[in-house]
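Written out below as structure tokens is the structure these notes cover.
Computed from the coordinates by the stated procedures, all read-outs in this text should not be read as laboratory data. Not measured: the values here are computed from a predicted model. Cβ atoms come from the backbone with ideal geometry, glycine included; neighbour counts cover every protein chain shown.
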Amino acid sequence: MCGIAGIRRLDGSPVDEPLVAAMIRSMAHRGPDATGIWTHRDVGLAHCRLSIIDPGGSEQPMASADRRSHVVFNGEILNYRQLRSELSYPFTTLGDTEVLLALHDKYGPAGVDRLRGQFAFALHDSGTGDIHLFRDRLGILPLYYYKTDKLFAFASEIKGLLPVIGAPTVDEDSLYDYLTYRSVPAPYTLLQGVRKIPPGHHLVLTSSGDIRCSAYWQLPAEPTTIAITPSGAVDLVEEALTASVREALVADVPVGAYLSGGLDSSLVTSLMAEMHSGGELNTFSAGFGDDSLDETHWARRVADHVGTRHHELTVTADDFERCWSTLSWHRDAPLSEPSDVAVFRLAELARQHVKVLLSGEGADELFAGYPKHRYAEATRWLGVLPSAALRRVEKTLPAHHARLGIAMRAMSEDTYSERMRGWFAPFTSPERAALLGGQPARSTLGPFTDGRGDALHRMLYADIRTWLCDNLLERGDRMSMAASVELRPPFLDHRLVELAFALPSNVKLRGGTSKWVLKEVARKRLPAEVVDRPKLGFKVPLDKWFRGGLQDMAFDSLTGPSSFVGSTFDRTAVMRLLRDHSLGERNEQPRIWALLSLEVWHQGLVGTRPCRV
């Protein structure tokens, strides 16, 4: 991966090169191998590089052969060799960046349709005066922008825009979204004026300073289910995933894998092992010192089975206190999941051995891997139950019934779309309104109302458009880039995604078995006990830590006189959460985490940049 940034002056002034340099310098962790800056009159582009393909060449910003266009590119075009062979262009490098210029030269912006991989790039066309920004189809890589009447700026991370913005201000309208998703859906962010380009979109800043943003690829809201037998579905998924993993191994540096011991990462690792030639294949996993949540023995089982060189580490409560502020700075937002810290620590370990890691991200959202997916139909129809009664019962549940409480909270929402959204929401609609003293200024329910087809298809459609791109993929990019490691999720090759959404729901959820079609692919390569064991997920024992070493931190941060959360939200409700959890009456860990993450992020926002880990 890399970092990109740029400015276009809209007031006729020349670009200030030191300002562009400050933008890219703030993201040096994304590209520690090289830095480049290009300015011309009112336009400036900058790039910091993590060398993966053509390490000795392909410097950026890169000019086209006729010098008409300049590009800065973050990501990997995994079919670049095929594209190079098809294009008649005077290539001077061996990498994938120059392919973007060649495609634009022949096809214009429509060339993006031919790309496979993960990417975010900006191309300035001096012939038209336009700047084109593109983000990959699933939103694996980020791209943000900021516009005033004087300038337009873009960057891979929000911190790259701060030299332009100066003192940032919290967008209070986005706080409701944060309490809903633990992140803010595109195009919004937690900062006023900063926008996020949605996945699969192309933004054009015209020569006159106007912005046009449109989708070049979209997940189909209306299912076009193919007629296929269950065994035929297994064959198609196996073929598509194998092709995706093969392409994801394209690199001129060592490639390893996250290996939790769960189905998704184990299947990716087994396919990698089949294709790997020369040297050792390194895998990495994390434990938490809690036997009830520790999957490292499963990871070791898979590593032994496929023959990798395996590495492990243990994440502790001390890691959270040590890393939290710095990783919030890297994330440019509150850490949405406790596992963010563990993902960073794994990337930090992996960086000692490899530059590229493959992960199993996306499989749950494609093939129905979460417990909630078994209740998709019930989520659709259980609105007949009285919401107030469900909420009262949920409030009486003891701490050890936290999973049942999640279901009851989701089912207590008033509408079908809100119930779908409620499964991952830390706070219910009434709780959000009470904390903020009113209703939201805007609606972000579109992904939950736009989907068509059966209940499972609608839920998966919403998961891909919200939970995956704005939470998990954002987490994966920031936490791996904080350690200067590139992360690649083979399940999110857009051809595999389109196939998954064309398969009937009964091969994803079959006879009560989640991810059935994927498990049948895995069964050919992995032991049955690995394939069939219950899903645990990447869980962190924060409920215990918030009653132990992190308890004082939570109380002090959320109720102190300088607390952003304490002054912005209802303080009595916040105190009640902390008290109920510390007494063991309820497991309020998801809600405490959401509020505390927001507080830690805000402290960093108004303070100084923390020292890098």
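In region 248-374, the C-alpha radius of gyration followed by the widest Cα-Cα span (Dmax) gives 15.1, 42 angstrom. Ranked by the mean number of other Cβ atoms within 10 Å of their residues, highest first, the peptides 179-185, 437-443, 503-509 come out as 179-185, 503-509, 437-443.
Across the options His132, Ser88, Gln192, the greatest Cα extent toward the positive end of the charge dipole of region 2-215 (unit charges at beta carbon of Lys, Arg, Asp, Glu) belongs to Ser88.
A simple charge model with +1 on the Cβ of Lys and Arg, -1 on the Cβ of Asp and Glu and nothing else charged puts the dipole of region 2-215 at about 200 debye relative to its Cα centre.
The residue among Ala251, Gly287, Gly262 whose Cα reaches farthest toward the positive pole of the charge dipole of region 232-302, with charges on the beta-carbon of Lys, Arg, Asp and Glu, is Ala251.
Here the peptides 341-348, 171-178, 559-566 are ranked by packing, the mean other Cβ count within 10 Å, and the order with the highest first is 341-348, 171-178, 559-566. The calculated 222 nm mean residue ellipticity attributable to helices in the chain amounts to -11500 deg cm²/dmol, summing -39500 (n - 2.57) over DSSP H runs of n ≥ 4 and dividing by all residues.
Applying the criteria of a DSSP loop state and at most 10 other Cβ atoms within 10 Å to the trypsin sites (Lys or Arg not before Pro) of region 1-109 yields Arg67.
Taking the DSSP bridge list for the chain and keeping only pairs wholly inside it, about 80 percent are antiparallel.
Quick one: length gained pulling Ala434 to Lys150 fully straight, 0.36 nm per residue minus the C-alpha distance?
The Ala434-Lys150 span can extend by a further 98.3 nm.
In percent, what relative contact order does region 225-328 have, based on Cα pairs under 8 Å that are 6 or more apart in sequence? RCO, region 225-328: 24 percent.
In units of the compact-protein estimate 2.2 N^0.38 Å, the chain shows a Cα radius of gyration of 0.94. Can you spot the aspartates and glutamates whose alpha carbon is less than 19 Å from Lys524's alpha carbon? Ignore those fewer than 8 places along the same chain. Those aspartates and glutamates meeting the cut-off are Asp235, Glu238, Glu239, Asp264, Glu274, Asp304, Asp532. In loop segments of region 436-523 as defined by DSSP, there are no GluC sites (Glu not before Pro) with at most 16 further C-beta atoms inside 10 Å of their C-beta.
Indicate the gyration tensor shape class of region 26-147 (rounded, prolate or oblate), computed on the Cα atoms with a ≥ b ≥ c the square roots of the eigenvalues: a/c under 1.5 is rounded; otherwise a/b larger than b/c is prolate and the rest oblate. Rounded, because the longest to shortest axis ratio a/c is under 1.5.
Here is the link list: Lys508/Lys535; Lys147/Lys196; Lys372/Lys508; Lys159/Lys196; Lys106/Lys196. Which ones come out longer than 20 Å on Cα distance?
In this structure, Lys106/Lys196 lie more than 20 Å apart at Cα.
The simple Förster model, with R0 at 25 Å and r as the Cβ-Cβ distance, assigns Thr415 and Arg374 a FRET efficiency of 0.75.
For the chain, the dipole from Cβ point charges (+1 on Lys and Arg, -1 on Asp and Glu) about the Cα centre works out to 700 debye, to the nearest 20. Using a cutoff of 8 angstrom between alpha carbon atoms and counting only pairs six or more residues apart, the relative contact order for the chain works out to 15 percent.
Would you mind putting 203-213, 353-363 in packing order, based on average other-beta-carbon counts within 10 Å, highest first?
Working: 203-213: 14.5, 353-363: 23.5.
Order by mean packing, descending: 353-363, 203-213.
Since only Val497, Thr229, Gly360 are under comparison, the one whose Cα sits farthest along the positive direction of the charge dipole of the chain, derived from C-beta charges on Lys, Arg, Asp and Glu, is Thr229.
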